[in-house]
Amino acid sequence: MKSLSAFPIAVLLALSCSGRGQRAEIPVATYESEAKSLTAGITSPGMSLAIVDNPAPSAVNGTAKCVRVASDTGRVVLSPFGRNFDFTLNPAVFPLKVIAPGKGLPVTMRLMPFREDSPYPPLEVTVNTRRSGRWEQLLFDFSGLHPEDNVYAGFELQFAEGEWWFDELYGPDDDLSSIALFKRYEGNPVFYPEGELNWRDAHIANAGILNPYQNPTGQWMMYIRGTGHTPDYHDQIGLFTQPADDFHPFGPWKEYEGNPVIPFSPKGAFDDYLLLDTAPVMGKDSVMYVYYKGRNYEMESHIGVAWSTDGGYTFSKPGHPWLDQHSGTGSAIYHDGKYWLFSGSRVYVSEDPLNGNDAEVYQTIVPGGAPSHFDDNVLWGTMVFRLEGVDKWFMAYQGSARHPDFPDRFHIAVSDDLIHWIKVQNSQPLFTRGSEGEWDQGGMWCPEIEEYDGMLYLYYEGWGIDKKIADRNQNYFEGHSSVGVASASKDAFLRWCGLME
């Protein structure tokens with residue numbers, strides 16, 4: 001590997017896990033993988049950094065490469081790790097291997113918040129070396145300082161004056177899937193891209209489901225977005241069904257032979273390129289509506305709508321957006337004679353199902369305030385549902401402490417009136433992305449929860465590929481969208497929400 005003497009330099013990131021149910025660590029900084037590069041820098045012109053050959057291979061550290069630091073007590077700044085640290089399953093202890101120029105010399109590690117405007121201060125721990133001229137592992141224990149989950153993501157290292165070498169900085173495992181309330185179906189994904197040159201050969205995602213009481217056909221109906229290469233690359237909306245008297249939550253679902261039921265519009269329309277984020281609803285006089293995010297070739301997005309009077313098979317469009325502004329859809333609800341369209345942190349309420357430009361607008365939930373700070377940066381995908389015998393509205397949503405559009409966790413808010421919402425304060429994750437190497441190891445979207453026979457079934461879009469990759473935190477790494485299902489009992493969910501003992 002090429003040595004660099006000026007900052008910034010490339011620091012390589014590798015990902016690995018030692019297993020669930022026990023302490024698991026992620027190599028945050030090593031120097032000989034094929035993984036994604038991060039950036040390191042120095043804070044003083046009297047310092048130098050270089051990636052060099054290991055000067056003293058041993059049982060403690062037998063790697064071929066490491067970092068040499070010529071220090072004047074300035075700081076080495078490591079750019080933020082690809083995902084914020086969560087200490088739910090592992091203590092806030094960070095091992096680092098060093099060769100020191102003497103015994104009893106201080107090394108200080110500062111744990112840095114991801115956001116520069118964070119209200120949480122850097123945290124600092126100092127450890128003294130025990131050896132000189134040989135590799136040793138130092139443990140920087142921040143647990144007594146009680147660092148907040150999903151707030152910290154970067155490091156600064158400060159060495160005493162002299163020549164140092166360091167390697168293998170470790171952090172806590174970020175896989176929380178084993179403790180989530182909803183458990184994955186072992187046969188996932190239940191929908192995946194397939195076929196050649198059809199409407200869903202690249203991706204399939206954004207499932208919107210209507211149970212037999214929510215549509216005029218009396219069956220289960222699923223509207224779902226497919227991405228395909230015919231006639232060109234487009235996102236369109238198709239329909240799958242199951243009979244009410246022979247329903248199986250994990251499928252199979254029967255594909256409607258006339259798919260896609262809602263195609264892209266002619267060139268020049270607001271939705272001539274992509275149709276995303278399906279939100280179906282049965283409205284007045286049993287007319288079916290599907291709201292969606294329409295995008296044109298200029299990458300401008302608006303909320304669109306299509307309607308059907310034959311039970312949801314043949315659709316028409318009004319020729320204009322439902323809402324003339326950049327936005328997307330979560331859920332559509334017909335309640336008290338009005339149409340409620342949930343979009344991110346807002347709900348639009350209108351008596352007109354075909355035009356929402358005069359809708360009343362209310363703020364619902366905003367980023368921040370959820371357990372573990374997991375949604376401090378962004379939240380989206382607000383999917384609203386009710387449960388039989390429970391006088392509450394529930395909103396499932398996706399969030400991220402880091403990425404604007406690569407969320408890793410779902411959560412729930414509760415409301416009495418569809419306007420004022422309270423996030424559930426339960427530190428147990430509702431549901432998280434899959435483990436490293438699984439089909440849904442990247443991001444996940446659109447948490448659609450359905451009730452059936454005392455159980456709740458969570459349908460969701462997951463991004464990934466069935467193999468380990470260099471950096472699963474990279475937005476839209478080489479992979480594709482598929483749809484999976486997870487389940488939890490209704491009673492367990494209500495207890496999780498604090499609505500049942």
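Some observations on this one:
- Note on the stretch 451-468: residues that are more than 12 Å from F182 (Cβ to Cβ) and not small (G, A, S) total 9.
- Qualifying residue in the stretch 235-258 (condition: aromatic (F, W, Y) and under 13 Å from F315 (Cβ atoms)): yes
- One residue alone among F155, F166, F140 is of a type in the set (F, W, Y), under 23 Å from T63 (Cβ atoms) and modelled with pLDDT of 95 or more, and that residue is F140.
- Pairs where the first residue, in the stretch 303-325, is closer than 18 Å to Y339 by Cα and the second is assigned to a loop (DSSP other than H, G, I, E, B) and charged (D, E, K, R), C-beta under 6 Å, 6+ apart: G304/D271; A306/K317
- Any hit, the stretch 114-124, residues being buried (at least 21 other Cβ atoms within 10 Å of the Cβ) and not assigned by TED's automatic domain parsing to the domain that holds D471: yes
- Just one of (1) part of a loop (DSSP other than H, G, I, E, B); (2) in contact with a helix residue (DSSP H, G or I) (Cβ under 9 Å, 6 or more places away or on another chain) fails for V125. It is (1).
- Scanning the stretch 140-166 for residues that are at negative phi and not hydrophobic (A, V, I, L, M, F, W, C) returns D141, S143, G144, P147, E148, D149, Y152, G154, E156, Q158, E161, E163.
- Residue check, D358 outside any strand (DSSP E or B), of a type in the set (D, E, K, R), more than 24 Å from T217 (Cα to Cα) and in contact (Cβ under 8 Å) with a residue 24 or more places away in the chain: no
- Selection status of Y476, in the same structural domain as D391 (by TED's automatic domain parsing), under 20 Å from the mean Cα position of the chain (by Cα) and surrounded by fewer than 15 Cβ atoms within 10 Å (Cβ to Cβ): yes
- Just one of the numbered conditions (1) more than 19 Å from G251 (Cα to Cα); (2) crowded, with 20+ Cβ neighbours inside 10 Å is not true of E461: (1).
- Count - residues of the stretch 320-339 that are among the β-branched types (V, I, T) and either surrounded by fewer than 19 Cβ atoms within 10 Å (Cβ to Cβ) or more than 15 Å from Q214 (Cα to Cα) (or both): 1
- For the stretch 477-488, the criterion of being assigned to a strand (DSSP E or B), over 23 Å from S178 (Cβ atoms), among the small types (G, A, S) and touching an Asp or Glu at 6+ places or on another chain (Cβ under 6 Å) is met by at least one residue.
- Qualifying residue in the stretch 384-404 (condition: under 12 Å from the mean Cα position of the chain (by Cα), surrounded by fewer than 23 Cβ atoms within 10 Å (Cβ to Cβ) and more than 17 Å from S118 (Cα to Cα)): no
The values are calculated or read from the model by the stated rules, or taken from the named source; none is laboratory data. Please read all numbers here as calculations on a predicted model, not as lab measurements. Cβ atoms come from the backbone with ideal geometry, glycine included; neighbour counts cover every protein chain shown.
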